[in-house]
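Written out below as structure tokens is the structure these notes cover.
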Amino acid sequence: MRHHIRLFLQSAIAFLLLSIYHQISIAQSLSRPKLVVGIVVDQMRWDYLYRYHRLYGENGFKRLLREGFSCENTFINYIPSFTAVGHSTIFTGSVPAIHGIVGNDWIDQRTGKHWYCTQDDSVQTVGTLGNVGKMSPHWLLTTTITDELRLATNFQSRVVGVSLKDRAAILPAGHTATAAFWLDDATGNFITSTYYMHDLPHWVEQFNAAHEPQRLMSTPWNTLYPIQEYTESTADDEPWEGKFVGEQAPVFPHNMPAIYAQDHEALRYTPFGNTLTLDFARAAVEGYQLGHGPATDFLTINCASTDYVGHMYGPNSIEVEDTYLRLDRDLAAFFHFLDQYVGKGNYIVFLTADHGVAHSIGFMQAHHIPANFLETGTITKELNQYLAQRFSTSPLVLSLANYHVNFNEELIKAHHLQEDSLIQATIAFLQIQPGIEMVVDIRHIGEAPIPQPIKDMIINGYYAPRTGPVVVIPDPAWFAGHAGGTGTTHGAWNPYDTHIPLLFMGWHIPHGVSYEWVNMTDITPTLAALLHIQVPNGSVGTPILPVLKGE
Ligand SMILES: [Zn+2]
């Protein structure tokens, strides 16, 4: 008996000491990185890490792979796989059903009004004239990881979002951002809105005054290496590639001075849009002295030109290959800058994508792989004719957008139509159209005979006030467009659109690789765990444990 008591006391004391030690060690080990940098490469498919590996330098993508942790099987877990939805999901750990960003734009299902995802008519443009700055994150329903960092540090953390695209600067930076900046094509200036501030900071005015867009567009776009080195791509001149204004053929060298003089948006469609973005990001780090404040700072960077170039030329073009080779160089220079300014090991950088991309239809057909354009405009017109015959009024369908049917609620109400029979008729018409694999009545999706992963992605992407009740799933490799169209797009559930890269590097990140399936929604919970802060208020993801091994 006494022996038992002694044993009990011994283990009780040991337990007590252990828990005191544990508490002390938590107190001692509570440290955070000085800076988190989230880089979202727009339209970067996961396989680009390897497809262009041979010509990458040592300190860009290869440094992330060499020093960092790669989650090789990271997937988007909702549809549609569009830009605003991806950025919102990465930084909220949530899905459109909860964060509310169901597309780059949508139709309010109640009023029939069209909304752009960051449109905010209550704020004003700062830094230029017009409506390009009337933007804010007010349509985003949840907090972001960047909001949670601000909340966790009593707003001592600075959060800055940078992109050429308004939505890709605004949504990642969240509701409480210090600042978000995006490009005004007309002036070539980075701008913002009164949501954030009333005047541009001095460092932004200085950056704008240097006219970097004009400088970047002052010489032709030629390939970085001799063109015969581009062995991962098709010939330079292919019929499915788009052309710049005034160009006879989609071939190098692209005469940027002449093209830019006619169309300032052209800068976005070159790798130099990424160069501009990363140069501005560097100016933002210095301007706000990010990584040198009292708390962890967070910079979100979107490299959008990869998306523009991809849309125009398709993923098998020399233009896309060259864009990644140049981005690789720009990233290497940016990491080097962070090493100097913040200190190697003091910051975390993570890199992912908002979505991938489909092959160009023409490319697929040239190689006998089934693919074609889903002519959504024609389908909508014919659907309205079909419904007009049955319900004696038109147009009952406003659009087939984001792969959902938007009904004309006003007309339905005015004519006292039965929504149920309208939906049934719509499905009956759509499901026999070529290129449509499935049509789903979202109200009865539980009973629908569709594979579970796609079912989950539809449910995750459905937010009733902004999404129509009928979902269309095209055949694999088909996408909305017109016959003979050039370039390509994204938006579907298929792996080419949803398999994205995910790499972490730096502060407390172990070197390694995992082939486990993880979702885009797991990125933010992983960051929350690393930073010891709350996950955002709509987060449904789970932390990626192997990334936390260095903790
Ligand atoms: Zn895109």
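Listing for the model above:
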{"read-out": "Any hit, the range 431-440, residues being in contact (Cβ under 8 Å) with a residue 60 or more places away in the chain, crowded, with 20+ Cβ neighbours inside 10 Å and out of contact with any strand residue (DSSP E or B) (no Cβ under 8 Å at 6 or more places or on another chain)", "value": "no"}
{"read-out": "Single match in L338, L327 (criterion: at pLDDT 95 or above and in contact with a Cys (Cβ under 8 Å, 6 or more places away or on another chain))", "value": "L327"}
{"read-out": "Residue selected from the range 99-150 under the condition touching a strand residue (DSSP E or B) at 6+ places or on another chain (Cβ under 9 Å), basic (K, R) and part of a loop (DSSP other than H, G, I, E, B), by the criterion surrounded by the most Cβ atoms within 10 Å (Cβ to Cβ)", "value": "K134"}
{"read-out": "Hits in the range 299-333 (condition: part of a strand (DSSP E or B) and not aliphatic (A, V, I, L, M))", "value": "T300, N302, C303"}
{"read-out": "Residue selected from the range 510-551 under the condition modelled with pLDDT of 95 or more and touching a His at 6+ places or on another chain (Cβ under 9 Å), by the criterion farthest from L30 (Cα to Cα)", "value": "G538"}
{"read-out": "Residue within the range 26-49 that is at pLDDT 95 or above and in contact with a Lys or Arg (Cβ under 7 Å, 6 or more places away or on another chain) present", "value": "no"}
{"read-out": "Helices (runs of 4 or more DSSP H) within the range 161-251 that include 1 or more residues surrounded by fewer than 23 Cβ atoms within 10 Å (Cβ to Cβ) and out of contact with any helix residue (DSSP H, G or I) (no Cβ under 6 Å at 6 or more places or on another chain)", "value": "202-209, 212-216"}
{"read-out": "From the options L278, L290, residue that is surrounded by 15 or more Cβ atoms within 10 Å (Cβ to Cβ) and in a loop (DSSP other than H, G, I, E, B)", "value": "L290"}
{"read-out": "Residue list for the range 390-404, filter: aromatic (F, W, Y) and either at pLDDT below 95 or under 17 Å from G103 (Cβ atoms) (or both)", "value": "Y403"}
{"read-out": "Test set (1) away from the ligand (no atom under 16 Å from the Cβ); (2) in the same structural domain as A332 (by TED's automatic domain parsing); (3) in contact with a helix residue (DSSP H, G or I) (Cβ under 7 Å, 6 or more places away or on another chain) - S81 fails condition number", "value": "(1)"}
{"read-out": "Boolean, R54 is surrounded by fewer than 24 Cβ atoms within 10 Å (Cβ to Cβ), outside any loop (DSSP other than H, G, I, E, B) and touching a helix residue (DSSP H, G or I) at 6+ places or on another chain (Cβ under 7 Å)", "value": "no"}
{"read-out": "Count of the range 522-551 residues which are under 17 Å from L149 (Cα atoms) and of a type in the set (V, I, T)", "value": "5"}
{"read-out": "Among residues of the range 310-351, those that are away from the ligand (no atom under 16 Å from the Cβ) and of a type in the set (G, A, S), counted", "value": "4"}
{"read-out": "Hits in the range 352-378 (condition: in contact with a Gly (Cβ under 8 Å, 6 or more places away or on another chain), within 14 Å of the ligand (Cβ to nearest atom) and of a type outside the set (D, E))", "value": "A353, H355, V357, S360"}
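Residue-by-condition table, conditions (1) more than 14 Å from S70 (Cα to Cα); (2) within 16 Å of the chain's Cα centre (by Cα):
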| residue | (1), (2) |
| --- | --- |
| T489 | yes, yes |
| I500 | no, yes |
| L527 | yes, no |
| L530 | yes, no |
| Q534 | yes, no |
| N537 | yes, no |
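The values are calculated or read from the model by the stated rules, or taken from the named source; none is laboratory data. Since we're looking at a predicted model, the values are computed, not measured. Counting neighbours? That spans all protein chains shown, and the Cβs are built from the backbone with ideal geometry, glycine included.
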